[in-house]
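Asks: Can you keep this structure in mind? I'll have questions shortly.
The values are calculated or read from the model by the stated rules, or taken from the named source; none is laboratory data. Computed from a predicted structure; not experimentally measured. Virtual Cβ from ideal backbone geometry, glycine too; neighbours counted across all protein chains shown.
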């Protein structure tokens, strides 16, 4: 399998995990559901949502429930995310889609992409393989009704990332 290093024709921004969430899970040990987080040592390969890469064996991680939604409604969900237990200040590219397709990439071979309206309701969804990531992101953003996209890992349901159009894109 080869890695797909992606740039879309639609300019995108990968939303960071809110700093308030990271501060709370790291210092208070409480997640978005108000429950204690799980602290663990990485086996290696866990998807670290805060840095958009796979964990290295031996890194300290936090597993916590997270919601990327800001509005109440039937589509507001919580899902597990791994984050580094300590902020390391490493650079994270948020202006391109992360590489996808190999076992060491943040996004591996398959994942789910959901398109949401500004009201945070699902308007389309598809399970795709790595080579279709760019085309699917572009296709979803061609709809003026699409406000943002969510990517999830299909087996465990972990929240992978939120993709926004870069301001100025229609």
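Asks: Residue 156 is checked against (1) surrounded by fewer than 19 Cβ atoms within 10 Å (Cβ to Cβ); (2) over 27 Å from residue 28 (Cβ atoms) and fails just one. What number does that condition carry?
Replies: (2)
Asks: Return the residue satisfying two criteria in turn: it lies in the range 27-37 and is in contact with a strand residue (DSSP E or B) (Cβ under 9 Å, 6 or more places away or on another chain) and over 13 Å from residue 66 (Cβ atoms), and of such residues it is surrounded by the most Cβ atoms within 10 Å (Cβ to Cβ).
Replies: 29
Asks: State yes or no: is residue 67 more than 19 Å from residue 21 (Cα to Cα) and surrounded by fewer than 18 Cβ atoms within 10 Å (Cβ to Cβ)?
Replies: Numbers: more than 19 Å from residue 21 (Cα to Cα): no; surrounded by fewer than 18 Cβ atoms within 10 Å (Cβ to Cβ): yes.
Spelling it out, it is not the case that residue 67 is more than 19 Å from residue 21 (Cα to Cα) and surrounded by fewer than 18 Cβ atoms within 10 Å (Cβ to Cβ).
Asks: Among the residues of the range 28-36, is any outside the structural domain of residue 105 (by TED's automatic domain parsing), at pLDDT 95 or above, over 24 Å from residue 103 (Cα atoms) and part of a helix (DSSP H, G or I)? Give the steps one after another, and end with the answer.
Replies: So in the range 28-36, the residues outside the structural domain of residue 105 (by TED's automatic domain parsing) come out as 28-36.
From the residues that got through so far, the ones that are at pLDDT 95 or above too are 28-36.
If we keep only those that are over 24 Å from residue 103 (Cα atoms) too, we end up with 28-36.
From what's left, part of a helix (DSSP H, G or I): 28.
Yes.
Asks: With surrounded by 18 or more Cβ atoms within 10 Å (Cβ to Cβ), within 23 Å of residue 50 (Cβ to Cβ) and without any contact (Cβ under 8 Å) to a residue 60 or more places away in the chain as the only criterion, which of 112, 137, 151 stands out? Spell out the reasoning first.
Replies: Values: 112 fails: surrounded by 18 or more Cβ atoms within 10 Å (Cβ to Cβ); 137 fails: without any contact (Cβ under 8 Å) to a residue 60 or more places away in the chain.
Residue meeting the stated conditions: 151.
Asks: Still on this structure: Looking at the structure I just gave you, is residue 58 touching a residue at least 12 places away in the same chain (Cβ under 8 Å) and either surrounded by fewer than 14 Cβ atoms within 10 Å (Cβ to Cβ) or touching a helix residue (DSSP H, G or I) at 6+ places or on another chain (Cβ under 7 Å) (or both)? Please lay out each step first, then the result.
Replies: Details: touching a residue at least 12 places away in the same chain (Cβ under 8 Å): yes; either surrounded by fewer than 14 Cβ atoms within 10 Å (Cβ to Cβ) or touching a helix residue (DSSP H, G or I) at 6+ places or on another chain (Cβ under 7 Å) (or both): yes.
It is true that residue 58 is touching a residue at least 12 places away in the same chain (Cβ under 8 Å) and either surrounded by fewer than 14 Cβ atoms within 10 Å (Cβ to Cβ) or touching a helix residue (DSSP H, G or I) at 6+ places or on another chain (Cβ under 7 Å) (or both).
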